[in-house]
Amino acid sequence: MPLVSPKEMFKGAYAGGYAIGAFNVNNMEIIQGIMEAGDEEQAPLILQVSAGARKYAGQGYIIKLMEAALQETDLPVVLHLDHGQDFDICKEVIDAGFTSVMIDGSHHPFEENIDVTKKVVEYAHSKGVWVEAELGRLAGVEDDVQSDEHIYTDPDEAVEFVERTGCDSLAIAIGTSHGAYKFTGEARLDFDRLEKIGSMLPEYPIVLHGASSVVQEYVEMANQYGGNIGGAKGVPEDLLRKAASMAVCKINIDTDIRLAMTAVIRKFMAEKPDAFDPRGYLGESRKAVKDMVRHKIKNVLGCSGKA
Ligand code: G3H
Ligand code: 13P
Ligand code: ZN
């Protein structure tokens, strides 16, 4: 099945009170693990590619891997650009066949964010491509840039932003952040703000970035086998379930993939010091991605059987 637009996925997610997982991909094993999980759960999937992923794997390789993955499945799959920094990168991936892009103007002042988002929307829509934009700012690490400050999304500005840009979905800041260290104290999200934005933009898909739950099983496993990932804390799964039952239709997960792979590779290396065939530990890491993604689909996102 060819790549699809997220439009129908989000319609179903909004109406059904669930969310679609958007998983970051960087290599073959990650793509295979996610696809296997989606197939076993019959769940729609969004696979997303960051600037870092394009640099690491090469856009051409990722597109060919996706083509291979699509030949083996009937699932609806979206190929999405994660955190597009400017118009040029969005145009490049649209021309290469991505079906959805994010233009991330959240670091710009409001009017500049509107200008760049509008420009991307105009081009993307002329090609039938979906546009996600972002308003507000998440703390944490993103493309190697650290931001210590959250700027929660203002509901009135969100409405004005969507009306003036024509963007199809909006990433908002309500307390999540990128990376493995999301909360020092109690984890909380601003559900009142989400509720308000949802009621002011009816039927409109909202996106949650920085939504890994930082699965403690993998943090502990990594630490047990030589890692030093202290104090890592993510968004509790019950909060993500609640967000998915509201206006949030897309939940972004990258850190949990990194942790799952790293933990099982550390374990493998520690337990088998004489092994040196990469298929051993990469195979284990692929299985860990699959297991983790299946768990998210079934128990967090609620999109099992929605393909
Ligand atoms: O939002 C950030 C994503 O986790 C992608 O991270 O830029 O290191 O690939 P990356
Ligand atoms: P995590 O770091 O919580 O996995 O967030 C990933 C993300 O938002 C990608 O855009
Ligand atoms: Zn993000």
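The values are calculated or read from the model by the stated rules, or taken from the named source; none is laboratory data. Please read these numbers as outputs of a predicted model, since none were measured by experiment. Here the Cβ is made from the backbone with ideal geometry for all residues, glycine too, and neighbour counts use every protein chain on show. For accessibility, only protein heavy atoms count, side chains too; no ligands or nucleic acids. Shrake-Rupley method; radii C 1.70, N 1.55, O 1.52, S 1.80 Å.
Rounded, prolate or oblate for segment 130-203? Axes are the square roots of the Cα gyration tensor eigenvalues, ordered a ≥ b ≥ c, and the cut-off for rounded is a/c under 1.5. All intermediate terms of the calculation are to be shown ahead of the outcome.
Working: a/c = 2.53, a/b = 1.51, b/c = 1.67.
Verdict is oblate for segment 130-203.
Extension gain for Gln224 to Met200 (0.36 nm times residue separation, less C-alpha to C-alpha distance): 3.9 nm.
Please give the per residue accessible area of segment 151-307, computed with a probe of 1.4 Å over protein heavy atoms only, in Å².
Details: 6960 Å² over 157 residues.
With the other protein chains kept in place, segment 151-307 gives 44 Å² per residue.
For the chain, the residue among Met269, Leu79, Cys303 whose Cα projects farthest onto the positive side of the dipole built from Cβ charges is Met269.
Once the piece of chain linking Thr184 and Gln216 is laid out straight, how much longer is it, given 0.36 nm per residue of separation minus the C-alpha distance between them? Intermediate values should be presented prior to the final figure.
Working: separation 32, 0.36 × 32 = 11.52 nm, distance 1.51 nm.
The Thr184-Gln216 span can extend by a further 10.0 nm.
State to the nearest 20 debye the size of the charge dipole of segment 267-307 about its Cα centre, where the only charges are +1 on K and R beta carbons and -1 on D and E beta carbons.
Working: 10 positive and 5 negative charges, 76 e Å.
The dipole magnitude comes to about 360 debye.
Using a probe of 1.4 angstrom and keeping all protein chains present, the accessible surface of segment 32-79 works out to 43 square angstrom per residue. Classified by the C-alpha gyration tensor, segment 206-300 has a prolate form. Its axis ratio a/c, with a ≥ b ≥ c, is 1.5 or above, and a/b is larger than b/c.
The GluC sites (Glu not before Pro) found in segment 44-119 that occupy coil by DSSP, while having at most 15 further C-beta atoms within 10 Å, are Glu72. The ellipsoid that matches the Cα gyration tensor of the chain has semi-axes, each √(5λ) in whole angstrom, of 30, 22, 18, with the longest given first. A DSSP coil position with no more than 15 other Cβ atoms inside 10 Å describes the following chymotrypsin sites (Phe, Trp or Tyr not before Pro) in segment 217-307: Phe276.
Taken along the Cα-to-beta-carbon direction at a fixed 7 Å, the label points for Tyr56 and Gln42 span 3.3 nm.
Which pairs in the list Lys250/Lys306; Lys242/Lys298; Lys272/Lys296; Lys267/Lys287; Lys127/Lys298 are over 24 Å apart, alpha-carbon to alpha-carbon? Walk me through the numbers on the way to the answer.
Details: Lys250/Lys306 14 Å; Lys242/Lys298 14 Å; Lys272/Lys296 29 Å; Lys267/Lys287 14 Å; Lys127/Lys298 34 Å.
Those over the limit are Lys272/Lys296; Lys127/Lys298.
The spacing between segment 98-120 and segment 149-180, judged by their C-alpha centroids, is 11 Å.
How large, in percent, is the carbon and sulfur part of the accessible surface of segment 1-65 at a probe radius of 1.4 Å?
On the way: 1530 of 2580 Å².
Here carbon and sulfur together make up 59 percent of the probe-accessible area.
Dipole magnitude for segment 55-159: about 500 debye, using +1 per Lys or Arg Cβ and -1 per Asp or Glu Cβ, origin at the Cα centre.
Relative contact order of the chain: 23 percent, from C-alpha pairs under 8 Å at least 6 residues apart in sequence. Using 0.36 nm per residue and subtracting the Cα-Cα separation, the extra length available between Lys11 and Ser126 on full extension is 39.3 nm. For segment 1-105, the square roots of the Cα gyration tensor eigenvalues, ordered a ≥ b ≥ c, give a/c of at least 1.5 with a/b no greater than b/c, which places it in the oblate category. In terms of overall dimensions, the C-alpha atoms belonging to segment 71-160 reach 43, 26, 24 Å along their principal axes, ordered largest to smallest.
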